[in-house]
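Enquirer: Input: one structure, supplied below.
The values are calculated or read from the model by the stated rules, or taken from the named source; none is laboratory data. Just so we're clear, the structure is a prediction, and the values are computed from it rather than from any experiment. All Cβ positions, even for glycine, are placed from backbone atoms using ideal geometry, and neighbour counts span all protein chains on display. For the accessible areas, the whole protein counts, side chains as well, though only heavy atoms, and no ligand, DNA or RNA atoms are used. Shrake-Rupley method; radii C 1.70, N 1.55, O 1.52, S 1.80 Å.
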Amino acid sequence: MTLTFDKRQLSVSPSLAPLQAGELDRQQDGEAALTIGLINNMPDSALQATERQFMRLLKATAGNRRIHLHCFSLPSVHRSQTAKCHIDRHYTDIAHLDRLHLDGLIVTGAEPKAATLPEESFWQELIGIVGWAEANTRSTIWSCLAAHAAVLHLDGIERQRLDAKCSGVYDCAKVADDWLTRDIPSPLKIPHSRLNGLRKHDLIRAGYQILTQSQQAGVDTFAKQLRSYFVFFQGHPEYDTMSLQREYLRDISRFLAGERDAYPAVPAGYFDAETEKALAGFQQRASAERKAALSAELPALTIRSGIAAGTAATVIFKNWLGYLSVGTRTTSSSAVRGARP
């Protein structure tokens, strides 16, 4: 998928269109366009929602910049036939990564299937992307499971299984000054949804800078300067208001269908008090009766006000695009790449 953003238009092409000579380097205000890749490894149920979330963020923070966004999927991520058709129609073949000369890359997490990351079907392809991104991007964002995979590959840091799933909207405090977190209010509210976590002292010992963290959820955002500036999200700042609700309802349906053993905990700090009370009652009934048909009898759900979905992400992505743009003004993209650290 090739997207071209500017403050006046959003155009979508279903395939990688041939680029005219110099197209990526010209813009009306003299600033070069940015080429960004999104490697979307999210499960089929969240595939298109993830596209929309990152597209919305990039459009909201692009300003006067033109952004060429290309979506990719790792071939080793298991997909339904419907998802494969969507990817075939709208995604760029990942073999074109070198051809596109990306300025920045975003790599999403994936739904864990195996006990350890090296056992995941996509492990070899994903660690190949780590090496490629370090050598070929100015900065790359690694989200959730992709962040865990990257630090394991780079520094041997093992994720730790949590006692319970970390799911909810958490207050995260800025703990270091960095260009990425400039102008971010502290505390900021960030959604998290994961079964594993990284220990702060392991990251610091390996040279990572902790940027934001939560007393309840632990490390949130951290970074490391390699040849590319790598940014890591344990949370999901890109999530929209309904994302955690969709995941929670999916997990309830899986429990009722016998596809998971434990009933999911209510996402922390997400639903209002009345909804949480109603959900506690429904959990008692579901645990006693446990049949798939009960999914249709869930109580009405109301998300609490003030969760500020997307607020922090807007600032983070604005700063990230600014970083990618440094040195691109009135300069050819090839010259900029030659100047990268």
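Enquirer: Restricted to region 241-272, and to residues that are free of Cβ contacts under 8 Å to residues at least 24 places away in the same chain and not in a loop (DSSP other than H, G, I, E, B), which residue is most open to solvent (accessible area, probe 1.4 Å)?
Expert: Applying the filter and picking the extreme gives R254.
Enquirer: With respect to K174, determine if the residue is over 15 Å from the mean Cα position of the chain (by Cα), over 30 Å from A286 (Cβ atoms), open to solvent by 40 Å² or more (accessible area, probe 1.4 Å) and not aliphatic (A, V, I, L, M).
Expert: The answer is yes for K174.
Enquirer: Here is a list: A335, A296, A286. Which entry is modelled with pLDDT of 95 or more, in a helix (DSSP H, G or I), over 26 Å from the mean Cα position of the chain (by Cα) and of a type in the set (A, V, I, L, M, F, W, C)?
Expert: Working: A335 fails: modelled with pLDDT of 95 or more; A296 fails: modelled with pLDDT of 95 or more.
Going through A335, A296, A286 in turn, just one is modelled with pLDDT of 95 or more, in a helix (DSSP H, G or I), over 26 Å from the mean Cα position of the chain (by Cα) and of a type in the set (A, V, I, L, M, F, W, C): A286.
Enquirer: Also, I was wondering about something else. Filtering region 206-235 down to residues that are part of a loop (DSSP other than H, G, I, E, B) and either free of Cβ contacts under 8 Å to residues at least 60 places away in the same chain or open to solvent by 10 Å² or more (accessible area, probe 1.4 Å) (or both), which residue is nearest to T137 (Cα to Cα)?
Expert: Of region 206-235, the ones part of a loop (DSSP other than H, G, I, E, B) are 206-208, 215-217, 226-228, 234-235.
Among the residues that remain, those that are also either free of Cβ contacts under 8 Å to residues at least 60 places away in the same chain or open to solvent by 10 Å² or more (accessible area, probe 1.4 Å) (or both) are: 206-208, 215-217, 226-227.
On the way: A206: 22, G207: 20, Y208: 19, Q215: 33, Q216: 33, A217: 30, L226: 11, R227: 8 Å.
Restricting to residues being part of a loop (DSSP other than H, G, I, E, B) and either free of Cβ contacts under 8 Å to residues at least 60 places away in the same chain or open to solvent by 10 Å² or more (accessible area, probe 1.4 Å) (or both), the top hit is R227.
Enquirer: Related question: Output the residues belonging to region 107-138 that are over 19 Å from R79 (Cα atoms) and touching a helix residue (DSSP H, G or I) at 6+ places or on another chain (Cβ under 6 Å). Step through it out loud before you land on a result.
Expert: The initial filter retains those residues of region 107-138 that are over 19 Å from R79 (Cα atoms), namely 115-116, 118, 127-138.
Scanning region 107-138 gives I127, V130, R138.
Enquirer: Let me ask something else. Return yes when L188 is within 16 Å of the chain's Cα centre (by Cα), under 30 Å from A309 (Cα atoms) and touching a residue at least 24 places away in the same chain (Cβ under 8 Å) and no when it is not.
Expert: Working: within 16 Å of the chain's Cα centre (by Cα): no; under 30 Å from A309 (Cα atoms): yes; touching a residue at least 24 places away in the same chain (Cβ under 8 Å): yes.
Criteria not met by L188.
Enquirer: What is the one condition in (1) surrounded by fewer than 18 Cβ atoms within 10 Å (Cβ to Cβ); (2) charged (D, E, K, R); (3) part of a loop (DSSP other than H, G, I, E, B); (4) under 22 Å from the mean Cα position of the chain (by Cα) that E238 does not satisfy?
Expert: Only one criterion is unmet by E238, namely (1).
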